[in-house]
Amino acid sequence: MAAQAGADAIGLNFWHGSKRFVKSEQQAKEIISAVPRGVLTVGLFVNAHPLVVTETLRDLKLDRIQLHGDERVGDWAEIGKRNLIRALRVSDEASLKEALGWDVDLFICDAFAERAFGGTGKLAPWDLIASYAPKPFLLAGGLNPENVSDGIRVTRPTGVDVSSGTEKEPGIKDADLTRRFIDNARACAKELGLG
């Protein structure tokens, strides 16, 4: 459904603490098999052991890995910078400076939440991200069909990432919200000459 609506990538959440957790390798394979060619598959991990992440990347033939926890820089050389997306939980300028140690091709700038690692619906601090975000980056954090264009205008990201903002309930995407989100994001990016 997300691919049909125009998504460039879909995420599979492998963090046990999430309501969106992919419960088994079989479930992950079923989701991946439904994704058309040309749409990236991204595995999201929070504080997982690097060997588990590497095995999952290999076994499921994922296109990218998103690290969304408190992972350390030096543990990920085997995966390679092209395959890694580093999420930054942005609360202040210092939280964005964490990016300096990471050698990755893409960052995600998300909202900080004390006990959560994304998917909270909390709005990220756009002005701070606009001033200090590492490039290239995806904007996340509290985005929905109504505000995604404003977020793009303020921060000028490479792309956007959404979770709760297109759901009818946690883990269940809404087709209309997803389509409107993607349509609004693409229209704004085109208007601004971003893609």
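The values are calculated or read from the model by the stated rules, or taken from the named source; none is laboratory data. All of these numbers come straight from a predicted model, not from anything done at the bench. Here the Cβ is made from the backbone with ideal geometry for all residues, glycine too, and neighbour counts use every protein chain on show.
Odds and ends about this structure:
- Hits in segment 138-195 - residues which are of a type in the set (Asp, Glu) and under 22 Å from Val22 (Cα atoms): Asp161, Glu167, Glu169, Asp174
- Enumeration of residues in segment 8-45 that are touching a Ser or Thr at 6+ places or on another chain (Cβ under 9 Å), at pLDDT 95 or above and in a loop (DSSP other than H, G, I, E, B): Phe14, Val35
- Only one of the numbered conditions (1) touching a Lys or Arg at 6+ places or on another chain (Cβ under 7 Å); (2) of a type outside the set (Ser, Thr, Tyr); (3) modelled with pLDDT of 90 or more is violated by Phe112, and that is (3).
- Of all the listed residues (Gly159, Gly171, Gly142, Gly151), the sole one being in contact (Cβ under 8 Å) with a residue 24 or more places away in the chain and over 28 Å from Asp103 (Cα atoms) is Gly171.
- Top-ranked residue of segment 41-62 - restricted to ones that are of a type outside the set (Gly, Ala, Ser) and under 13 Å from the mean Cα position of the chain (by Cα), ranked as farthest from Gly11 (Cα to Cα): Val46
- If you go through segment 58-74 and keep only what is modelled with pLDDT of 95 or more and hydrophobic (A, V, I, L, M, F, W, C), you end up with Leu60, Leu62, Ile65, Leu67.
- Among (1) surrounded by 14 or more Cβ atoms within 10 Å (Cβ to Cβ); (2) touching a residue at least 12 places away in the same chain (Cβ under 8 Å) - the single one Val22 does not satisfy: (2)
- Glu191 acidic (Asp, Glu), at pLDDT 95 or above, outside any helix (DSSP H, G or I) and farther than 18 Å from Gln4 by Cβ: no
- Of Ala175, Ala185, all but one fail to be surrounded by fewer than 18 Cβ atoms within 10 Å (Cβ to Cβ), at pLDDT 95 or above and small (Gly, Ala, Ser); the exception is Ala175.
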